[in-house]
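Structure first, commentary second.
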Amino acid sequence: MCYKRIDIDETRQQKFGYPEGGFPVPRIRNILNEFSGGEVDCHWHTEFQFGLVLNGRLDYNIFCDSASMIKASLKAGDGFFINSKVLHSYRQLTPGAELFIFSVSPGFFSSSLVFGNIYKKIILPILHSSVFGLFFKQEDKKSRTILDLFQDFHALDPQDTDYELHGLELLCRIWRSLFHEFRTIQKILPARRSFLLREQRMQQMVDFIHGHYPEPLTVEMIAKAGNTSKRECFRCFRDFLSQTPTEYLNQYRLSAAAYMLLNSAQSISSICEQCGFNNVSYFGKLFRRSYGTTPNRYRLTAR
């Protein structure tokens, strides 16, 4: 019998596929009978991950370091949160155990005109806290709110016309519940000290991009805004957002362009120039890749 395995590289990192123009939240249903020994190997990913046990019972392990781990037995209706870059594994205790998993990139809330400040206030404190993960049990009254939201997200149909809007609404509510869970139980544990200076640098570089995105920018200029080297600039963007500085800059420019397409009558070439793109063809290519349609069709569809 040929068993399934999750796709991980030599560092045990799992990478998810993101459809072009689609809602950037991978949804996975794992039936553990399909994995050898009913077990998913130890792995990690840059995304935050949420999960809901649909059927059966399983053991879930979160590895804090080489010498310690957090372990929980979960049953149908229970759920979990795994922080970014945290090793974890799980195996079924009863045949036929099933999990629904959905994952969110740390950059999900960071690169749009609307969510930039939210990233600083409620994403970074969790990303760089000392909390590796949380488990939510049905019998715990405090967990029921977030478990109900997990159930609602699982029930979404990606084919519905309002799927993206409904999904975004639920993700905001889920993160709000998670944030308050961290504050109530952990009081947002002190940030990992090694990240404090880098977090400050990162915020300076992101603020620089937000304030100067219409201008011609280079990675050297972005690094200078954070008082750091080009190499450290790349490392910060990779660790905080799983993107390169240029990818983040382009994504922010595209979000500004999308806003202008819907809220102004300016020509596409004018919007392209005002958002920092000096080539309309390149702008159109990036826009299609991110939004799944051309700038003109995007504008027409919204009317």
Pairs over 21 Å Cα to Cα, from K85/K120; K75/K141; K85/K230; K224/K285, come to K85/K230; K224/K285
Largest fluctuation, D207, D78, D140 only, Gaussian network model of the chain with Cα springs under 10 angstrom, belongs to D140
For the chain: span of alpha carbons on each principal axis (Å, largest first): 60, 44, 41
If you find the alpha carbon centre of region 149-177 and of region 39-68, how far apart are they in angstrom? 22 Å
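Counting only helical runs of four or more DSSP H residues, what would the 222 nm mean residue ellipticity of the chain come to if each run contributes -39,500 (n - 2.57) and the total is spread over all its residues?
Values: 10 runs with 119 residues, N = 303.
Calculated mean residue ellipticity at 222 nm is -12000 deg cm²/dmol.
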For C172, C233, what ranking results if the residue with the fewest other Cβ atoms within 10 Å of its Cβ goes first? C172, C233
Nearby lysines by direct alpha-carbon distance to K4 (threshold 18 angstrom, same-chain neighbours under 8 apart not counted): K15
If I fit a long axis through the Cα atoms of helix 245-263 and take the longest principal axis of the Cα atoms of the chain, what angle between them do I get, 0 to 90°, rounded to 10? 70 degrees
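Once Rh for region 7-53 is found with the Kirkwood sum over Cα pairs, what is the Stokes-Einstein diffusion coefficient at 37 °C and 0.692 mPa s, in µm²/s?
Values: Rh = 12.6 Å.
The calculation lands on 261 µm²/s.
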Want the number for Q200 to K285: 0.36 nm per residue separation, take away the alpha-carbon distance, what's left? 27.3 nm
In sequence order, calculated HN-Hα J values of region 153-168 (Karplus, 6.51, -1.76, 1.60; Hz; x Gly/Pro): 5, 4, 6, 4, 9, x, 8, 5, 5, 9, 4, 4, 5, 5, x, 5
Under-5 Å amide H pairs with A76, H placed in peptide plane, nonlocal only: G56
Per residue of region 207-217, what does 6.51 cos²θ - 1.76 cosθ + 1.60 with θ = phi - 60° give for ³J(HN,Hα)? Whole Hz please, x for Gly and Pro, Karplus curve as stated. 4, 4, 4, 4, x, 10, 4, x, 8, x, 10
Scoring the chain by relative contact order with C-alpha pairs under 8 Å, at least six apart, yields a percentage of 16 percent
Span per principal axis, largest first, for the Cα atoms of region 44-100 (Å): 29, 23, 14
In degrees between 0 and 90, to the nearest 10, how far off the longest principal axis of the chain does helix 230-241 point, with axes built from Cα atoms? 50 degrees
Taking 7 Å along the Cα-to-C-beta vector as the label spot, tell me the A265-H210 distance in nanometres, rounded to one decimal. 3.2 nm
Exposure proxy order (Cβ contacts within 10 Å, fewest to most) of T244, T46: T244, T46
Label-point separation (nm) for Q13 and E273, each offset 7 Å from Cα along Cα-to-Cβ? 4.0 nm
M260, M205 arranged by Cβ crowding within 10 Å, fewest neighbours leading: M260, M205
Given a cut-off of under 8 Å on Cα pairs at least six residues apart, what relative contact order in percent is computed for region 193-301? 22 percent
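When the Kirkwood radius is taken over all Cα pairs of region 27-186, what Stokes-Einstein diffusion coefficient follows at 10 °C and 1.306 mPa s, in µm²/s?
Numbers: Rh = 16.3 Å.
For the chosen part, D equals 97 µm²/s.
Read the figures in this text as sums done on the coordinates, not as results from a lab. Bear in mind that the values here come from a model prediction, so they are computed numbers and not experimental data. Quick reminder, even Gly has a Cβ in these numbers, built from the backbone with ideal geometry, and neighbours come from all protein chains shown.
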